[in-house]
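Okay, structure first, notes after.
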Amino acid sequence: MPTRDEKVITTVCQDHCISACVLKLYVKDGVITRIETDNGQEPQFRACQKGRAYRQYVYHPDRLKYPLKRVGERGEGKFERISWDEALDTIASQLKRVNETYGPLATIMLTSSGDMGRLHNQGLIDRVLTGVGGYTGILGTVSDEGSWFASMASLGSYEAGFSGRPSFSKARQVIMWGFNPVVTRRFMSMRHLGHLKDNGAKMVAIDPKYTETAALLEAEWIPIRPGTDTAMLVAMAYVIIEEKLYDQEFLDKYTVGFDEFESYVTGKADGVPKTPAWAEGITGVSAATIASLAREYATSKPAVLVDGWAPARTAFGEQFNRAAFTLAAMTGNYAVLDGSPGFGVTAAATTSLRYVSARMGGDDNPAHLNAPLRPGSVFFQRAPRSDSVLRHALFYGGGPSIAYLNRVRVADAILKGREGGYPADYKLLYMVTINWLNQYANTNKIAQALRKLEFVVAQEQFMTATAKFADIVLPTNTHVERNDLTAAPALYGYMNKAIESLGESKSQFQIAKGLAERLGVTCFGDKSEEDWLREVAADRDDIKDYDTLKKEGIQKNKLGKEFIPFGTPSGKIEIYSKDLAEMGDPNLPPIPTYIETWESISDPLAEKYPLQLITSHFFRRVHSKFEDVPWLRELEAQTLLINPIDARARGIGEGDLVRVFNDRGETIIPAQITERIMPGVVDLPEGGKYDPDENGIDRGGCPNVLTSDKPSPGGALCSNTALVQVEKADRRR
Ligand SMILES: Nc1nc2c(c(=O)[nH]1)N[C@H]1C(S)=C(S)[C@@H](COP(=O)(O)OP(=O)(O)OC[C@H]3O[C@@H](n4cnc5c(=O)[nH]c(N)nc54)[C@H](O)[C@@H]3O)O[C@H]1N2
Ligand SMILES: Nc1nc2c(c(=O)[nH]1)N[C@H]1C(S)=C(S)[C@@H](COP(=O)(O)OP(=O)(O)OC[C@H]3O[C@@H](n4cnc5c(=O)[nH]c(N)nc54)[C@H](O)[C@@H]3O)O[C@H]1N2
Ligand SMILES: [Mo]
């Protein structure tokens with residue numbers, strides 16, 4: 001209970017763990033004193049330890065409070081305090097200079113996650129840059145591009161992947177394939193899984209790691225080599241075909257192309273029957289396990305196959321989701337019949353960049369997508385959405401910038417420019433809510449790209465590894481210092497301002513407005529933050545009343561159960577995609593196909609770097625965010641998870657400092673020896689802070705010094721495809 005001089009302000013934590021949870025902020029004399037969460041009516045949207053520790057994030061002594069100008073070398077981290085006028089004048093004049101000298105495409109605006117409100121996001125800077133003639137934008141998602149590609153090809157839209165979502169209640173078997181929501185949350189996933197478990201569903205986890213979720217739900221753990229999941233799915237299909245366990249009626253009614261798939265699976269097409277024994281050699285999963293799981297899945301109707309995003313963040317990962325959809329369809333377990341691929345995910349305002357790119361003829365371009373992209377283009381035709389969502393997509397997502405880059409390829413584009421086949425030579429980088437250097441593949445290459453640019457801006461809350469490379473750093477406030485709306489489907493939140501902005505930090509809206517004024521761009525008119533928020537709310541007919549929402553902070557919504565029709569040319573699940581066949585790219589075959597990844601264990605490179613690296617998401621952080629929050633740091637350390645067999649072979653003891661390295665980079669961190677990770681695989685959780693020592697070697701456990709920025713043919717980040725070696729580190733280092 002609040003004391004008499006305390007106010008309680010209800011808001012929503014819409015951080016980038018892809019959830020939305022209620023925060024009750026106790027405020028006394030303008031200072032947050034404690035944070036509680038939803039104790040109200042069911043379903044409760046209870047915040048995790050990160051949301052509950054938000055006070056230590058907001059008041060962290062390292063929060064950026066003043067605009068800064070670089071005085072040392074890029075990346076050195078030497079800055080000098082300047083005024084907002086100087087900061088914004090400098091940025092405006094650099095934008096003009098670059099625009100006049102090289103054209104608008106020379107400016108890239110890069111954004112990723114952060115506080116994901118409806119108003120205070122990158123869409124604002126998008127408007128300003130669009131007002132001065134455009135810029136180079138970023139397309140694709142870093143999280144689930146493989147799943148997007150697969151959905152577009154097989155289902156015709158992303159949304160079709162969550163048809164009938166809340167109707168799994170009767171499932172008798174749940175396969176969690178690379179899915180660990182105890183850590184990653186992802187909306188109400190654990191609530192659903194808990195219900196299924198209570199109702200007697202058998203839980204199975206297929207993952208190189210014995211996950212927290214598998215432990216909690218007492219799941220059977222099937223360890224699998226990273227990047228080989230499609231082989232296992234295809235072999236399961238083999239068993240189901242051979243034993244005639246498939247649902248012919250479902251296939252006839254809802255799918256096209258099963259015959260072509262069957263011919264690939266049985267080996268009719270290429271002489272290689274995709275038997276469980278074939279898959280055993282690839283995946284490390286025994287043939288008997290594959291066969292019995294296939295039988296169980298096909299006969300435990302309804303069964304739910306949760307095809308996660310992480311197995312698709314591998315080379316050729318889009319094949320994984322396509323194969324999972326196919327298996328669900330073969331067994332009649334597609335969403336319409338109470339099972340569902342695509343589990344509790346968001347509908348983002350984007351679509352598969354690679355899919356669209358190829359459809360637009362941009363196929364061979366290393367940028368993947370360079371053609372103008374406007375409403376009315378394939379991009380929008382391929383992603384049918386309601387008008388209001390479309391408007392949000394325009395305002396808040398990819399605006400009418402002139403060219404797009406695959407977000408995984410930005411460093412490559414900056415380094416190679418026109419000569420490398422990209423549409424422009426890039427000179428200016430404007431970053432909003434992204435820790436690019438830390439979070440995107442191949443950190444050392446990104447550092448090189450950052451050094452090459454003429455001018456770099458970072459809008460940030462902290463002096464991140466990336467912000468150290470900026471020429472001007474703009475201190476941005478946090479969501480408790482401004483008003484905003486959330487966008488989560490099951491919970492609408494009014495993100496109420498609880499305290500004044502710290503120091504001289506400003507909201508994204510204030511910053512964008514300040515910049516717009518200097519550039520003579522009138523995109524915001526005379527409207528205030530409040531006016532814009534009312535407009536955003538008015539766009540959503542399911543927000544009942546703006547003022548009530550603002551006062552109460554939250555509105556809980558029931559999720560629909562409706563069947564979402566397939567947007568494919570055939571109007572069915574396309575096991576065989578004619579669109580893909582027409583593309584003619586052997587790396588994007590028309591039927592789901594197992595293709596061996598680069599940097600697999602049979603790659604000659606494995607002699608030098610014999611271990612497969614995965615980089616999973618971490619419990620106490622959201623990416624690199626919260627890394628320095630003391631309460632959260634107490635929960636667990638950033639370590640390399642390594643199996644006892646691999647540790648013993650290298651003379652590594654528990655807690656020893658180890659070098660993890662390949663040709664792209666190196667990091668030195670403590671080892672955690674555990675049977676929870678399978679032999680041959682090591683896990684270095686993403687978000688570890690890039691922290692180079694005097695020799696340039698990372699000491700923060702940033703996995704991206706090791707990952708490659710080569711995208712999957714479907715466009716995805718391949719953050720789970722990398723070979724490394726691990727050695728005990730020299731003590732003196
Ligand atoms: N606490 C926390 N929650 C988060 C986030 C966070 O940073 N912290 N990030 C949020 C965001 S933006 C996203 S996109 C999601 C990410 O959500 P996910 O992509 O689902 O999360 P990951 O932890 O990367 O992967 C899930 C599981 O896949 C396994 N895995 C990795 N590679 C493979 C593979 O090749 N095959 C198989 N079968 N399994 C594999 C990992 O071991 C892990 O257990 O999480 C969201 N939630
Ligand atoms: N190796 C590896 N790398 C990965 C992944 C992986 O699985 N493995 N996962 C990928 C995934 S799924 C994702 S989504 C990306 C995430 O990549 P990023 O979005 O770059 O990750 P964050 O560390 O959350 O960085 C967001 C930054 O925005 C700042 N910020 C937060 N809120 C605000 C705000 O309101 N305004 C401003 N101006 N700044 C703000 C934070 O301080 C933080 O530095 O990482 C990707 N990187
Ligand atoms: Mo993500």
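The values are calculated or read from the model by the stated rules, or taken from the named source; none is laboratory data. As the structure is a computational prediction, the values presented were derived from the model and not from experiment. Don't worry about glycine lacking a Cβ; one is built from the backbone with ideal geometry, like all the others, and counts go over all protein chains shown. Protein only, heavy atoms only, side chains kept; ligands, DNA and RNA dropped before computing areas. Shrake-Rupley method; radii C 1.70, N 1.55, O 1.52, S 1.80 Å.
Summary table
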| item | result |
| --- | --- |
| Residue match in the stretch 603-611 (condition: under 24 Å from S143 (Cβ atoms) and in a loop (DSSP other than H, G, I, E, B)) | no |
| One residue from P703, P711 being within 22 Å of V408 (Cβ to Cβ) and in contact with a Cys (Cβ under 9 Å, 6 or more places away or on another chain) | P711 |
| Given (1) at pLDDT below 95; (2) in a strand (DSSP E or B), index of the condition H16 fails | (2) |
| Given (1) more than 15 Å from ligand 2 (Cβ to nearest atom); (2) assigned to a helix (DSSP H, G or I); (3) in contact (Cβ under 8 Å) with a residue 12 or more places away in the chain; (4) assigned by TED's automatic domain parsing to the domain that holds F509, number of the condition R55 does not satisfy | (4) |
| Checking T351 against (1) over 20 Å from V204 (Cα atoms); (2) open to solvent by less than 10 Å² (accessible area, probe 1.4 Å); (3) modelled with pLDDT of 90 or more, the condition it does not meet | (3) |
| 1 or more residues closer than 24 Å to P311 by Cα, in contact (Cβ under 8 Å) with a residue 24 or more places away in the chain and within 21 Å of the chain's Cα centre (by Cα): qualifying strands (runs of 3 or more DSSP E) within the stretch 615-733 | 681-683 |
| Which numbered condition S157 fails, given (1) within 16 Å of ligand 2 (Cβ to nearest atom); (2) part of a loop (DSSP other than H, G, I, E, B); (3) hydroxyl-bearing (S, T, Y) | (1) |
| Unmet requirement for A153, which otherwise passes all of (1) within 16 Å of ligand 1 (Cβ to nearest atom); (2) at pLDDT 85 or above; (3) open to solvent by less than 10 Å² (accessible area, probe 1.4 Å) | (1) |
| Any hit, the stretch 618-627, residues being open to solvent by 40 Å² or more (accessible area, probe 1.4 Å), within 30 Å of R63 (Cα to Cα) and in the same structural domain as E675 (by TED's automatic domain parsing) | yes |
| Search result, residues across the stretch 684-708 that are open to solvent by 40 Å² or more (accessible area, probe 1.4 Å) and more than 15 Å from Y440 (Cβ to Cβ) | D691, P692, E694, N695, G696, R699 |
| Residue ID - nearest to F566 (Cα to Cα), chosen from residues in the stretch 251-272 that are open to solvent by 20 Å² or more (accessible area, probe 1.4 Å) and among the hydrophobic types (A, V, I, L, M, F, W, C) | V256 |
| Candidate set from the stretch 293-313 (those that are more than 15 Å from T331 (Cβ to Cβ), modelled with pLDDT of 90 or more and small (G, A, S)); member that is surrounded by the most Cβ atoms within 10 Å (Cβ to Cβ) | A312 |
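Each row is one residue, and each column tells you yes or no for (1) among the aromatic types (F, W, Y); (2) open to solvent by 40 Å² or more (accessible area, probe 1.4 Å).
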residue: G514; (1), (2): no, no
residue: R518; (1), (2): no, yes
residue: V521; (1), (2): no, no
residue: S528; (1), (2): no, yes
residue: A537; (1), (2): no, no
residue: K544; (1), (2): no, yes
residue: F566; (1), (2): yes, no
residue: P569; (1), (2): no, yes
residue: L580; (1), (2): no, no
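Yes/no matrix, rows are residues, columns are (1) open to solvent by 10 Å² or more (accessible area, probe 1.4 Å); (2) modelled with pLDDT under 85:
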site: S401; (1), (2): no, yes
site: L405; (1), (2): no, yes
site: R409; (1), (2): yes, no
site: D412; (1), (2): no, no
site: L415; (1), (2): yes, no
site: E419; (1), (2): yes, no
site: D425; (1), (2): yes, no
site: T433; (1), (2): yes, no
site: L437; (1), (2): no, no
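One line per residue, one yes/no per condition, for (1) more than 16 Å from ligand 2 (Cβ to nearest atom); (2) open to solvent by less than 60 Å² (accessible area, probe 1.4 Å):
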| site | (1), (2) |
| --- | --- |
| D585 | yes, yes |
| T593 | yes, yes |
| E599 | no, yes |
| A637 | yes, no |
